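Note sheet for the following structure.
Laboratory data are not the source of any read-out in this text; all were calculated from the coordinates shown. Note that the coordinates shown come from a computational prediction; the quantities given were computed from them, not determined experimentally. FYI the Cβ positions are ideal-geometry reconstructions off the backbone, even for glycines, and counts take in every protein chain you see.
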Amino acid sequence: MAENDFLLNIVDVAKQAGLEIMRIYESKHDYKVEYKDDGSPVTIADMLAHELICEHLAKLTPNIPILSEEFLAGDPAHRLISEKIWLVDPLDGTKEFMSRNGEFTVNIALIDRGAPTIGVVHAPALGLMYFAAQKFGAWRQANEESPKTIRTKSYDGGRVRMATSRSHSGQRIKLFQSWIEGQTGSEVRCTPMGSSLKICLVAEGRLDIYPRLGSTSEWDTAAAHCVLNEAGGAIIDSDGNALVYNKAQILNPWFFAIGDESHNWLEKYSQAKA
């Protein structure tokens, strides 16, 4: 199967999962909400999307392990010795799903030796699809329009356009915002957003930076990370290193999704916080 055809197969899987999610989202019937040990909610939509995605991926690539937010069982040693794994968040932004603001996504990523090489982010309620693969570029498709390539924007001074989490912002982000304003001498305009859409907005050049100074897991970022990489940006930790995937510990460090790697404010921030 050609690389492009393989990527489009994953896009189709994300679309099918999105249809399952929207069937619940648009239903007039109440659905049961359960809560995991960490307090995060899970709904029937999460589980239906998980089952569909894992079934399709297992058929497409039976020898590649799948790590999904909704299924952590199995032998972790098996995935840790595998060069490739799938990272799946079948419904990223369950809180946004429950509040019905549309800012939730289906995230599917292929990891090869710690790096995301395929990434698909689908926002079914918004009619948006972002997808990327190494050496194939990053693409955005709105509804039934033809896909268009996307690129990050360089930062040439002036107002900084920053994404913030709709559900997980806080004092650290406010302090970082104030620090950036002091460094640039310009206003920081914040755009609150749910799910991995924040990273995708950086990838398409609508925003400059998304700082995440709190907890996330690998499946939260991997798919959008690939999109951002192929669009010309990066996700780095406070030391400037790219995020690595398929670790024994699935939590990410604090990170910054940036559109312009040549701008060095993160290096200065790291030095200031040392």
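Length, then width, then depth: along the principal axes, the Cα atoms of the chain run 52, 41, 40 Å.
In the stretch 66-219, taking the dipole from charged Cβ atoms about the Cα centre, the farthest positive-side position among Ser146, Cys190, His122 is held by Cys190.
Is the stretch 3-149 best put as rounded, prolate or oblate by its Cα gyration tensor, with a ≥ b ≥ c the root eigenvalues, rounded for a/c under 1.5, and otherwise prolate when a/b is larger than b/c, oblate when not?
Working: a/c = 2.03, a/b = 1.15, b/c = 1.77.
Since a/c reaches 1.5 but b/c is at least a/b, the shape of the stretch 3-149 is classed as oblate.
Label the stretch 65-108 by shape, choosing from rounded, prolate and oblate, from the square roots a ≥ b ≥ c of the eigenvalues of the Cα gyration tensor; if a/c is under 1.5 it is rounded, and otherwise prolate applies when a/b is larger than b/c, oblate when it is not. Cα axes put the stretch 65-108 in the prolate bin. For the stretch 160-273, just say rounded, prolate or oblate: build the C-alpha gyration tensor, square-root its eigenvalues into a ≥ b ≥ c, call rounded for a/c under 1.5, and beyond that prolate if a/b exceeds b/c, oblate if not. It comes out rounded by the Cα gyration axes. Cβ-to-Cβ counts within 10 Å put Ile85, Ile118, Ile44 in ascending order as Ile44, Ile85, Ile118, the fewest first. Please go through the residue pairs Lys15/Lys247; Lys95/Lys247; Lys36/Lys153; Lys32/Lys148; Lys32/Lys84; Lys148/Lys198 and name each one whose alpha carbons sit more than 30 Å apart in this structure. Violating the 30 Å limit, Cα to Cα: Lys36/Lys153; Lys32/Lys148; Lys32/Lys84. The calculated FRET efficiency for Arg151 paired with Leu175, based on their beta-carbon distance and R0 = 30 Å, is about 0.50. The spacing between the stretch 163-201 and the stretch 109-143, judged by their C-alpha centroids, is 23 Å.
Given the rule -39500 (n - 2.57) for each run of at least 4 DSSP H residues, summed and divided by the residues of the chain, what is its mean residue ellipticity at 222 nm, to the nearest 500 deg cm²/dmol? Don't jump to the answer; show the numbers that get you there.
On the way: 8 runs with 95 residues, N = 274.
The helix contribution divided over the chain gives -10500 deg cm²/dmol.
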